[in-house]
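In what follows, a single structure is set out as structure tokens and then discussed.
Every number in this text was worked out from the coordinates using simple rules, so none of it is lab data. Here the structure is a predicted model, which means the values were calculated and not measured. All Cβ positions, even for glycine, are placed from backbone atoms using ideal geometry, and neighbour counts span all protein chains on display.
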Amino acid sequence: MLNLSGAEAIAKSKDQVQLAIKAMRDAYRALSPEASKPPVTGQAPAYLQAQLANYQAALARLTG
């Protein structure tokens, strides 16, 4: 419970709120580890590019 009856209590309450916010941020980051990974860059390997081209060609045939 936050006590806002005096300057010292307000300062202590502010610290408690800041700690709660930090705990929520840390919990969110722990649930979302992908955010900490660097983005994938560069070119895909040739076999994946060929597979994608085949899928795109098949989709083009199916959709007309």
### Query
Under the condition of being surrounded by 10 or more Cβ atoms within 10 Å (Cβ to Cβ) and in a helix (DSSP H, G or I), which residue from region 1-10 is farthest from the chain's Cα centre (by Cα)?
A9
### Message
I'm trying to understand the selection: among the residues of region 20-53, which are farther than 30 Å from M1 by Cα and surrounded by 10 or more Cβ atoms within 10 Å (Cβ to Cβ)?
### Response
A44, L48, Q49, A50, Q51, L52, A53
